[in-house]
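Written out below as C-alpha coordinates is the structure these notes cover.
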(Lines give C-alpha, C1' and ligand atoms only; values in the text may rest on other atoms or scores of the structure.)
Protein backbone atom coordinates (compact mmCIF):
# COMPACT_ATOMS: atom_id res chain seq x y z
CA UNK A 1 0.00 0.00 0.00
CA UNK A 2 2.49 2.68 1.20
CA UNK A 3 5.73 0.97 0.33
CA UNK A 4 9.13 2.28 -0.65
CA UNK A 5 8.22 5.94 -1.03
CA UNK A 6 11.74 7.42 -1.02
CA UNK A 7 10.81 11.10 -1.19
CA UNK A 8 7.64 11.16 0.91
CA UNK A 9 8.08 12.85 4.29
CA UNK A 10 4.45 12.91 5.47
CA UNK A 11 1.68 10.34 5.17
CA UNK A 12 -1.48 11.95 6.49
CA UNK A 13 -4.48 9.64 6.85
CA UNK A 14 -6.18 11.20 9.87
CA UNK A 15 -9.90 11.82 10.07
CA UNK A 16 -11.08 8.91 7.96
CA UNK A 17 -13.00 5.73 8.76
CA UNK A 18 -10.02 3.32 8.79
CA UNK A 19 -10.68 0.33 11.06
CA UNK A 20 -7.69 -1.89 10.29
CA UNK A 21 -4.07 -1.53 9.21
CA UNK A 22 -3.45 -4.60 7.09
CA UNK A 23 -0.29 -6.67 6.71
CA UNK A 24 2.14 -5.00 4.32
CA UNK A 25 0.47 -1.60 4.59
CA UNK A 26 3.70 0.18 5.53
CA UNK A 27 7.01 -1.21 4.30
CA UNK A 28 10.47 0.30 4.02
CA UNK A 29 9.61 3.83 5.08
CA UNK A 30 12.38 6.07 6.45
CA UNK A 31 12.24 9.53 8.06
CA UNK A 32 8.46 9.67 7.65
CA UNK A 33 5.76 11.31 9.74
CA UNK A 34 2.76 8.97 9.76
CA UNK A 35 -0.58 10.25 11.01
CA UNK A 36 -3.48 7.79 11.28
CA UNK A 37 -5.15 9.60 14.17
CA UNK A 38 -8.88 10.26 14.46
CA UNK A 39 -9.93 7.05 12.74
CA UNK A 40 -11.61 3.93 14.10
CA UNK A 41 -8.55 1.65 14.06
CA UNK A 42 -8.96 -1.39 16.27
CA UNK A 43 -6.67 -3.90 14.52
CA UNK A 44 -3.08 -3.65 13.34
CA UNK A 45 -2.26 -6.92 11.59
CA UNK A 46 0.96 -8.88 11.83
CA UNK A 47 3.47 -7.47 9.33
CA UNK A 48 1.70 -4.12 8.99
CA UNK A 49 4.99 -2.28 9.60
CA UNK A 50 8.10 -3.84 8.04
CA UNK A 51 11.53 -2.18 7.82
CA UNK A 52 10.17 1.26 8.73
CA UNK A 53 13.47 2.55 10.05
CA UNK A 54 13.88 5.81 11.92
CA UNK A 55 10.36 7.15 11.45
CA UNK A 56 10.01 10.69 12.79
CA UNK A 57 6.56 10.24 14.29
CA UNK A 58 3.66 7.79 14.42
CA UNK A 59 0.39 9.35 15.51
CA UNK A 60 -2.16 6.65 16.27
CA UNK A 61 -4.15 8.73 18.74
CA UNK A 62 -7.94 8.92 18.89
CA UNK A 63 -8.63 5.38 17.71
CA UNK A 64 -10.01 2.17 19.24
CA UNK A 65 -6.69 0.31 19.76
CA UNK A 66 -6.80 -1.99 22.79
CA UNK A 67 -3.73 -4.09 21.90
CA UNK A 68 -1.32 -4.79 19.07
CA UNK A 69 -1.19 -8.05 17.15
CA UNK A 70 2.09 -9.82 17.87
CA UNK A 71 4.44 -9.05 14.99
CA UNK A 72 2.59 -5.92 13.84
CA UNK A 73 5.99 -4.21 13.93
CA UNK A 74 9.12 -6.08 12.86
CA UNK A 75 12.41 -5.77 14.72
CA UNK A 76 13.69 -3.03 12.36
CA UNK A 77 10.73 -0.68 12.71
CA UNK A 78 10.94 2.16 15.19
CA UNK A 79 9.85 5.76 15.58
CA UNK A 80 11.20 8.70 17.53
CA UNK A 81 7.76 9.84 18.71
CA UNK A 82 4.74 7.60 19.28
CA UNK A 83 1.35 9.10 20.08
CA UNK A 84 -1.17 6.58 21.39
CA UNK A 85 -3.37 8.83 23.50
CA UNK A 86 -7.14 8.40 23.50
CA UNK A 87 -7.24 4.70 22.70
CA UNK A 88 -8.44 1.73 24.74
CA UNK A 89 -5.14 0.28 25.96
CA UNK A 90 -5.41 -1.55 29.30
CA UNK A 91 -2.02 -3.27 29.73
CA UNK A 92 1.42 -1.76 29.14
CA UNK A 93 2.58 -5.22 28.05
CA UNK A 94 0.34 -4.82 24.99
CA UNK A 95 2.39 -1.86 23.73
CA UNK A 96 5.18 -3.29 21.51
CA UNK A 97 8.19 -1.32 22.72
CA UNK A 98 10.74 -4.14 22.49
CA UNK A 99 12.40 -2.96 19.27
CA UNK A 100 11.59 0.77 19.54
CA UNK A 101 15.22 1.53 20.40
CA UNK A 102 15.15 5.08 19.00
CA UNK A 103 11.96 6.09 20.78
CA UNK A 104 12.32 9.49 22.48
CA UNK A 105 8.68 10.47 23.20
CA UNK A 106 5.86 8.14 24.24
CA UNK A 107 2.35 9.41 24.91
CA UNK A 108 -0.22 6.87 26.14
CA UNK A 109 -2.36 9.34 28.06
CA UNK A 110 -6.14 9.01 28.17
CA UNK A 111 -6.30 5.23 27.87
CA UNK A 112 -7.40 2.68 30.46
CA UNK A 113 -3.96 1.56 31.65
CA UNK A 114 -4.09 0.06 35.13
CA UNK A 115 -0.47 -0.87 35.78
CA UNK A 116 3.02 0.08 34.61
CA UNK A 117 4.36 -3.46 34.37
CA UNK A 118 7.82 -4.85 34.99
CA UNK A 119 8.95 -5.11 31.34
CA UNK A 120 7.35 -1.93 30.03
CA UNK A 121 10.59 -0.15 29.08
CA UNK A 122 13.16 -2.52 27.54
CA UNK A 123 16.40 -0.83 26.42
CA UNK A 124 14.90 2.52 25.51
CA UNK A 125 18.04 4.58 26.00
CA UNK A 126 16.79 7.64 24.11
CA UNK A 127 13.40 7.89 25.80
CA UNK A 128 13.17 11.30 27.44
CA UNK A 129 9.41 11.99 27.59
CA UNK A 130 6.76 9.61 28.94
CA UNK A 131 3.12 10.61 29.39
CA UNK A 132 0.90 8.11 31.21
CA UNK A 133 -1.50 10.75 32.49
CA UNK A 134 -5.27 10.33 32.68
CA UNK A 135 -5.34 6.54 32.94
CA UNK A 136 -6.53 4.23 35.71
CA UNK A 137 -3.10 3.51 37.20
CA UNK A 138 -3.22 1.63 40.47
CA UNK A 139 0.16 -0.15 40.42
CA UNK A 140 3.65 0.84 39.30
CA UNK A 141 6.34 -1.83 39.54
CA UNK A 142 9.38 -0.86 41.62
CA UNK A 143 12.47 0.26 39.70
CA UNK A 144 10.55 0.43 36.42
CA UNK A 145 12.14 3.73 35.43
CA UNK A 146 15.67 2.80 36.59
CA UNK A 147 17.11 2.05 33.15
CA UNK A 148 15.67 5.18 31.50
CA UNK A 149 18.86 7.25 31.83
CA UNK A 150 17.67 10.05 29.52
CA UNK A 151 14.22 10.50 31.08
CA UNK A 152 13.46 14.21 31.60
CA UNK A 153 9.65 14.37 31.66
CA UNK A 154 7.40 11.84 33.35
CA UNK A 155 3.67 12.46 33.74
CA UNK A 156 1.66 9.97 35.81
CA UNK A 157 -1.25 12.22 36.78
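The values are calculated or read from the model by the stated rules, or taken from the named source; none is laboratory data. Note that this is a predicted model, so its numbers are computed, not measured. A quick note on method: Cβ atoms are made from the backbone with ideal geometry, for glycine too, and the neighbour counts reach across all protein chains shown.
Set side by side, the residues 123, 98 differ, and just one is part of a loop (DSSP other than H, G, I, E, B), closer than 25 Å to residue 19 by Cα and modelled with pLDDT under 90, which is 98. Here is a check on your reading of the model: is residue 11 within 22 Å of residue 103 (Cβ to Cβ) and either in contact (Cβ under 8 Å) with a residue 60 or more places away in the chain or assigned to a strand (DSSP E or B) (or both)? Considered against the rule, which asks whether it is within 22 Å of residue 103 (Cβ to Cβ) and either in contact (Cβ under 8 Å) with a residue 60 or more places away in the chain or assigned to a strand (DSSP E or B) (or both), residue 11 comes out as yes.
Could you tell me which of the residues 41, 18 is touching a strand residue (DSSP E or B) at 6+ places or on another chain (Cβ under 8 Å) and surrounded by 14 or more Cβ atoms within 10 Å (Cβ to Cβ)?
Details: 18 fails: touching a strand residue (DSSP E or B) at 6+ places or on another chain (Cβ under 8 Å).
Exactly one residue qualifies, and that residue is 41.
Scanning region 54-65 for residues that are modelled with pLDDT of 95 or more and out of contact with any strand residue (DSSP E or B) (no Cβ under 6 Å at 6 or more places or on another chain) yields 60, 62, 63, 64, 65. Note on region 86-95: among residues that are crowded, with 19+ Cβ neighbours inside 10 Å and at pLDDT 95 or above, the one that is farthest from residue 49 (Cα to Cα) is 86. Contact annotation: residue pairs with Cβ atoms under 8 Å, 6 or more positions apart or on different chains, pairing a residue in region 101-114 that is on the phi < 0 side of the Ramachandran plot and surrounded by fewer than 22 Cβ atoms within 10 Å (Cβ to Cβ) with a partner that is at pLDDT below 95 and not in a loop (DSSP other than H, G, I, E, B), are 114/91; 114/139.
When region 67-86 is examined, which residues are found to be farther than 19 Å from residue 129 by Cα and either outside any strand (DSSP E or B) or more than 11 Å from the chain's Cα centre (by Cα) (or both)?
Going residue by residue through region 67-86, those that are farther than 19 Å from residue 129 by Cα are 67-77.
Those that are farther than 19 Å from residue 129 by Cα and either outside any strand (DSSP E or B) or more than 11 Å from the chain's Cα centre (by Cα) (or both): 67, 68, 69, 70, 71, 72, 74, 75, 76, 77.
Has region 108-116 got at least one residue that is under 22 Å from residue 15 (Cβ atoms) and in contact with a strand residue (DSSP E or B) (Cβ under 6 Å, 6 or more places away or on another chain)? Yes, because at least one residue in region 108-116 is under 22 Å from residue 15 (Cβ atoms) and in contact with a strand residue (DSSP E or B) (Cβ under 6 Å, 6 or more places away or on another chain). Residue count for region 33-53 satisfying the condition of being at pLDDT 95 or above and part of a loop (DSSP other than H, G, I, E, B): 11. Here residue 53 meets the list (1) crowded, with 20+ Cβ neighbours inside 10 Å; (2) more than 13 Å from the chain's Cα centre (by Cα); (3) under 19 Å from residue 105 (Cα atoms) almost entirely, failing just condition (1).
Pairs meeting the criteria (first residue in region 116-144 and on the phi > 0 side of the Ramachandran plot, second residue crowded, with 16+ Cβ neighbours inside 10 Å and assigned to a loop (DSSP other than H, G, I, E, B), beta carbons under 6 Å, at least 6 apart or on different chains) are 134/109; 134/110.
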